[in-house]
Amino acid sequence: MVKDLFERIQNNKGPLGKWASQAEGYYVFPKLEGELGPRMNFHGKEILNWSINDYLGLANHPEVRKADTDAAMQFGAAYPMGARMMSGHTKYHEQLENELAAFVMKEAAYLLNFGYQGMVSIIDALVTKNDIIVYDVDSHACIIDGVRLHMGKRFTYKHNDLESMEKNLQRATKMATETGGGILFITEGVFGMRGQQGKLKEIVAMKEKYNFRLLVDDAHGFGTLGKTGAGAGEEQGCQDGIDVYFSTFAKSMANIGAFVAADQDIIDYLKYNLRSQMFAKALPMIQTIGSLKRLELLRNSSEIKDKLWVNVNALQNGLKERGFNIGDTNTCITPVYLEGSIPEAMVMVNDLRENYGIFLSIVVYPVIPKGIILLRMIPTASHTLEDIEETLAAFEAIREKLVNGTYKQIAEQTTVDVS
């Protein structure tokens, strides 16, 4: 007997979906309203927002807003029509690619419509069934989904663990010798949940011993790390050792889109083999011209990044001084680790939002281990030191309630009111 395909879906909503009746509209799929920035509205109340990736505060920068508006007025949302290869290619796309390549110190770059889609397609294009992939076990979902398309062998190494990296490179080397293929090593410049930089310098050094090519997803490093903002590779002094550099516009650039940068011959190959771009409409002019303005500000307004790091240091140092565990983050991403169940976490976040006006992201199992609550904050250049002091005071208050069992008692007795 053939089962109804939807039977499993109807009976098992998944590890996150099972909480939908309590969580949707409040903990997940929340509606934040008003101008993008530190102060927005949620459920009719003003909240202090630590949950948007507008690192440099460019979303509402007047020059950015004008560039976006002017592009919309001149070209509308449709232009250009068609894929780049067929009818969607413009001088503005070329200009942005050239400027991005120069900014991240690579020979060439190619635009992507979306970061997630782009990374999946890059991995698919770079490897054949004879090649071996080695990647971090904590890689972003876009990397994992790209690796799933791979018809050859792949190995994961323990997160940021040099010994595990080398062990798996040895395995990959042996396997590639048998298949006649090569090795693609994938890591991230910054890991988005915990905030650690990938060990790029050490990985690049391994090239002296092992023959592999390095692909780095630097979505959170681009614009925030390095002297010029060129990312984690520049920060660690090993940008030249990154063979394929990837980043998105959805973080520091406050936009939609992404790019990949590498040697000219690699980009030439990807232009003709990236299925996600070959068979998709070109990035619209609003995003393309808007990104040119954003990149100009990244290059010429270093004070924006300086302000970001003043806020990052104030928030992270303040949390550590008050005894909070923020792990070993060495980037803007600020995680706070607490012990507790998912129901306790929901009560606590409800308290933060309703009684302290603090809005942040909550991360629970299966993204992190059971029994751990991760409160993830993204400081931006738009936040103020007063915002940080207000947040630190709220954190001291909620920690006491978590420790003394207040949240556990509420979670056991009631369903959290998210009306």
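The values are calculated or read from the model by the stated rules, or taken from the named source; none is laboratory data. These numbers come from a predicted model, not from an experiment. Quick reminder, even Gly has a Cβ in these numbers, built from the backbone with ideal geometry, and neighbours come from all protein chains shown. Please note that ligands, DNA and RNA were not included when accessible areas were found on the heavy atoms of the full protein model with its side chains. Shrake-Rupley method; radii C 1.70, N 1.55, O 1.52, S 1.80 Å.
Before moving on, here are some points about what is shown:
- Counting only residues that are of a type in the set (A, V, I, L, M, F, W, C), modelled with pLDDT of 95 or more and open to solvent by 70 Å² or more (accessible area, probe 1.4 Å), the range 55-80 holds 1 of them.
- Only one entry of Ile47, Ile52 meets the criterion of being modelled with pLDDT of 95 or more, among the β-branched types (Val, Ile, Thr) and under 30 Å from Asn355 (Cβ atoms), and that entry is Ile47.
- Candidate set: the range 324-336, residues that are out of contact with any His (no Cβ under 7 Å at 6 or more places or on another chain) and hydroxyl-bearing (Ser, Thr, Tyr); chosen: the one surrounded by the most Cβ atoms within 10 Å (Cβ to Cβ): Thr334
- Residues that are in contact with a Leu (Cβ under 7 Å, 6 or more places away or on another chain) and either open to solvent by 50 Å² or more (accessible area, probe 1.4 Å) or within 17 Å of Ala232 (Cα to Cα) (or both), drawn from the range 157-186: Phe185, Ile186
- Cβ pairs under 6 Å, 6+ apart, first in the range 142-165 and among the hydroxyl-bearing types (Ser, Thr, Tyr), second not in a strand (DSSP E or B): Thr156/Val137; Tyr157/Ser164; Tyr157/Met165; Tyr157/Asn168; Ser164/Lys158
- Search result, residues across the range 259-286 that are surrounded by 21 or more Cβ atoms within 10 Å (Cβ to Cβ) and not hydrophobic (A, V, I, L, M, F, W, C): Gln277, Pro284
- Screening Ala232 on (1) touching a Lys or Arg at 6+ places or on another chain (Cβ under 8 Å); (2) at pLDDT 95 or above shows it passes everything except condition (1).
- In the range 345-368, the residues that are among the hydroxyl-bearing types (Ser, Thr, Tyr) and closer than 18 Å to Ile333 by Cβ: Ser361
- Members of the range 356-410 found to be free of Cβ contacts under 8 Å to residues at least 40 places away in the same chain and of a type in the set (A, V, I, L, M), listed by number: Val364, Ile372, Ile373, Ala393, Val403
- Residues satisfying the stated conditions in the range 200-230, i.e. surrounded by fewer than 18 Cβ atoms within 10 Å (Cβ to Cβ) and basic (Lys, Arg): Lys201, Lys207, Lys209, Lys227
- For the range 303-323, the set of residues classified as farther than 19 Å from Gln196 by Cα and open to solvent by less than 70 Å² (accessible area, probe 1.4 Å) consists of Ile304, Arg322, Gly323, listed by residue number.
- Filtered residues of the range 288-302 (kept if over 14 Å from Ser252 (Cα atoms) and either surrounded by fewer than 16 Cβ atoms within 10 Å (Cβ to Cβ) or in contact with a strand residue (DSSP E or B) (Cβ under 9 Å, 6 or more places away or on another chain) (or both)): Thr288, Asn300
- Residues within the range 337-377 that are surrounded by fewer than 23 Cβ atoms within 10 Å (Cβ to Cβ), among the charged types (D, E, K, R) and over 23 Å from Phe191 (Cα atoms), tallied: 3
- Residue match in the range 348-361 (condition: at positive phi, outside the structural domain of Val190 (by the TED database) and in contact with a strand residue (DSSP E or B) (Cβ under 7 Å, 6 or more places away or on another chain)): yes
- Yes/no for Tyr92 being at pLDDT 95 or above and assigned to a helix (DSSP H, G or I): yes
- Any hit, the range 166-183, residues being in the same structural domain as Ile289 (by the TED database), within 20 Å of Ser139 (Cα to Cα) and within 23 Å of the chain's Cα centre (by Cα): no
- Total residues in the range 81-108 satisfying the condition of being crowded, with 22+ Cβ neighbours inside 10 Å and either among the aliphatic types (A, V, I, L, M) or in contact with a Cys (Cβ under 6 Å, 6 or more places away or on another chain) (or both): the figure is 3.
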